[in-house]
1. Using Cβ contacts closer than 10 Å as the measure, can you line up 45, 232 from fewest to most?
2. Spin-label point model (7 Å from Cα, Cβ direction): what's the residue 50 to residue 195 distance in nm?
3. Where the centroid of each part is defined by its Cα atoms, how far is the range 315-356 from the range 32-75 in Å?
4. Quick check: pseudo-label points 7 Å beyond the Cα along Cα→Cβ at residue 264 and residue 70, how many nm apart are they?
5. State the Kirkwood hydrodynamic radius of the chain in Å, one decimal place, computed from all pairs of distinct Cα atoms.
6. Which whole number in µm²/s is D for the range 26-197 by Stokes-Einstein, with the Kirkwood Rh taken over Cα pairs at 37 °C and 0.692 mPa s?
7. Ratio to report: Rg/Rh of the range 163-286, with Cα atoms as the point set and Rh obtained by the Kirkwood method; give two decimals.
8. What relative contact order, as a whole-number percentage, does the range 26-197 give when Cα pairs under 8 Å and 6 or more residues apart are counted?
Ligand SMILES: CC(C)(COP(=O)(O)OP(=O)(O)OC[C@H]1O[C@@H](n2cnc3c(N)ncnc32)[C@H](O)[C@@H]1OP(=O)(O)O)[C@@H](O)C(=O)NCCC(=O)NCCS
């Protein structure tokens, strides 16, 4: 073969390897896992700490109880490891088969090293790539889209996306405006390459930065490192101006759902499930109404677990797994600090009823 032959062969093989002319690679969710610590904080427990009551919390937010990881020496990594082990055990996944682990969290074990690196090591995943993602409560939907793009690139075939939060470590139990809201928990999904029209089909992700002063942990970062003063001022806890955040959450979650629906010709009839961030039952109601989706199609567990920040959506998937069928159309939506928000359209890839 002369130089012309060699040139043609080399370019042909490059062309064939180019994913754009091969069948399109999609990123399917092929397994889910979850973990919630056993200990519970009830509204009656909170009544002993601050001036509040069950009636106020139920009517304004819709939370009856939330879970708490009481062990002081265990961080968000512990919850993530338990959730991933649940996924591996129930779905028969070998930890060494994973190519990469993306961990969504706002309550990392440490500033560094990443919680993802700790989790992958404890799970026995080997020297895979790992990193943490922080995009406030929507961190999971951000991580899902990022993980899906790793798969779509054709370079990776299995990515574990974990969301984990020890929100009780960031909650001020002297502040009645925020302490009823948050709980601990973790959920995870496995993304795998497929050529079927299944998986993460579309995502709209947004942020605008105008929310900084309305929902923030004021100290502990490089802009305001920890001092005696920051501790005395209780600046290492969640600070939230609830009403402002509420208004933006309703508008932005509703608009991003409509955006993803219009882009993909989704209607209230062909959507099987809506999975909204579990921050407030009144926000969830507003989103369902705006989408025109009946309440039976909306995953809601806020009453039992409260707001587990980035973990709310994968915990819902984990709880509803047995009801999910191949081809189901899911719309997930979330909102949080920043402000940051978005919606993701997923076509479910397996029958959950077959999983133990
Ligand atoms: C936090 C939230 C539940 C508060 O509900 P709200 O209806 O906005 O309540 P407000 O903050 O306006 O407070 C109303 C009154 O209840 C009081 N109150 C606040 N917390 C209370 C509590 N736990 N128990 C009893 N009363 C309480 C307030 O002091 C205020 O009293 P006042 O009218 O005498 O001043 C709600 O604003 C919310 O869910 N915000 C959005 C949360 C969110 O989506 N976050 C983003 C993702 S994490």
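Every read-out reported here was derived from the displayed coordinates using simple, explicitly stated rules and does not represent laboratory data. Quick caveat: nothing in here was measured; it's all calculated off a predicted structure. Here the Cβ positions follow ideal geometry from the backbone for every residue, glycine too, while neighbour counts run over all protein chains shown.
1. The order, fewest Cβ neighbours first, is 232, 45.
2. Between residue 50 and residue 195, the simple spin-label model gives 5.5 nm.
3. 24 Å
4. Each label point lies 7 Å from its Cα, and together they span 4.2 nm.
5. Result for the chain stands at 21.0 Å.
6. The diffusion coefficient I find is 194 µm²/s.
7. 1.04
8. Over the range 26-197, the number comes to 35 percent.
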